[in-house]
Amino acid sequence: MPLAYIVAVAGKGGVGKSTISALLVRALAERAKAVVLAIDADPNINLGEKLGAPAGKTIGELREDLLRHADSLQAGASKHETVRYQMALAKVEGQGFDLLTMGRPEGPGCYCYINNILRTFIDEAVDHYPYVIIDNEAGMEHLSRRTTKRMDTLLLVSDPTSLGVRTAIRILALADEMEIKVGRKVLVMNRAERLPEGVMEMVGTAGFDDVVLLPYDDEVDDLISKGRPLTELTNDDPLFRKVMGLAYSLR
């Protein structure tokens, strides 16, 4: 089976990471005519809501459950079957996608053994899908812990401001410092018809492989304000058409 194509989405808060992640999940599912894996790795959980599939049990909650039974897991021969079963319970199935929600970081206690088990099974799950979309927090905490093995495309989302672009550039540098294997590095300027002059020079020297401009979309904002899923957008919605173009540029 070919390895999944992994897309990580990151950027500062409020720039539309989860919105773009949700639209990209839908676009890639339509392109591949297959189920896409969506991973909500932002502690501020909302990817499931935007996909119309509220999060079930989070991996954080599963981690807590496994820690409470760590002794029996370590001693028992069926620990892999137990974790696989619990992972299946944590996965939410939607139309064209499966959703895993990471949840909040762990509390006090030793999670090394549990994290290693979960990492193994997440990596195993990933390669059963043609595409994987990971909606990250700005610091990319889950990527720093090697939750996934690699990253084929890193989408750095920014609004059309120098602050948003500087944050995207810092995250790009962070990925390099963590020695994460990144294929393509793409700056996504959300709610932007063009690059502001003061931003163009910053972008040109940052090392991005591509820059994608996504327009403001009042229908998307209306759905979000009403708490409605973005799956309700029509295929001819301007923003979705742009994201579909981005989807077809992958792989």
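The values are calculated or read from the model by the stated rules, or taken from the named source; none is laboratory data. Values in this document were obtained by computation on a predicted structure and should not be read as measured data. Cβ sites come from the backbone with ideal geometry, for glycine too, and all protein chains shown count toward neighbours.
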Of everything in region 130-155, what is at pLDDT 85 or above and either more than 14 Å from the chain's Cα centre (by Cα) or among the acidic types (Asp, Glu) (or both)? Give them in sequence order. Pro130, Asp135, Asp152
Residue in region 68-98 that is modelled with the lowest pLDDT, counting only those that are assigned to a helix (DSSP H, G or I) and touching a Leu at 6+ places or on another chain (Cβ under 9 Å): Leu73
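Given Thr161, Thr205, Thr234, which one is β-branched (Val, Ile, Thr), at pLDDT 90 or above and either over 28 Å from Gly48 (Cβ atoms) or surrounded by fewer than 18 Cβ atoms within 10 Å (Cβ to Cβ) (or both)?
That would be Thr234, the only listed residue that is β-branched (Val, Ile, Thr), at pLDDT 90 or above and either over 28 Å from Gly48 (Cβ atoms) or surrounded by fewer than 18 Cβ atoms within 10 Å (Cβ to Cβ) (or both).
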When the residues of region 42-67 are narrowed to those that are among the aliphatic types (A, V, I, L, M) and at pLDDT 85 or above, which ends up nearest to Leu89 (Cα to Cα)? Ala53
Mind checking which residues of region 153-172 are part of a helix (DSSP H, G or I) and out of contact with any Lys or Arg (no Cβ under 7 Å at 6 or more places or on another chain)? Ser162, Leu163, Val165, Arg166, Ala168, Ile169, Arg170, Ile171
Near pairs, Cβ below 8 angstrom, 6+ apart or cross-chain, from region 25-37 (more than 9 Å from Phe97 (Cβ to Cβ)) to any residue that is of a type outside the set (A, V, I, L, M, F, W, C) and surrounded by fewer than 16 Cβ atoms within 10 Å (Cβ to Cβ): Arg31/Tyr248
Given (1) assigned to a helix (DSSP H, G or I); (2) free of Cβ contacts under 8 Å to residues at least 12 places away in the same chain, number of the condition Ile224 does not satisfy: (2)
Return the residues of region 38-56 that are surrounded by fewer than 24 Cβ atoms within 10 Å (Cβ to Cβ) and over 11 Å from Phe97 (Cβ atoms); say none if nothing qualifies. Pro43, Asn44, Ile45, Asn46, Glu49, Pro54, Ala55, Gly56
For residues that are buried (at least 24 other Cβ atoms within 10 Å of the Cβ) and either more than 20 Å from Ile122 (Cβ to Cβ) or in contact with a Phe, Trp or Tyr (Cβ under 7 Å, 6 or more places away or on another chain) (or both), tally how many sit in region 23-36. 6
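Matching residues to (1) in a strand (DSSP E or B); (2) touching a residue at least 12 places away in the same chain (Cβ under 8 Å):
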site: Ala175; (1), (2): no, yes
site: Ile180; (1), (2): no, yes
site: Val186; (1), (2): yes, yes
site: Ala192; (1), (2): no, yes
site: Met200; (1), (2): no, no
site: Val203; (1), (2): no, yes
Only listed residue being closer than 21 Å to Glu30 by Cβ and out of contact with any Cys (no Cβ under 6 Å at 6 or more places or on another chain), chosen from Val243, Val211, Val165: Val243
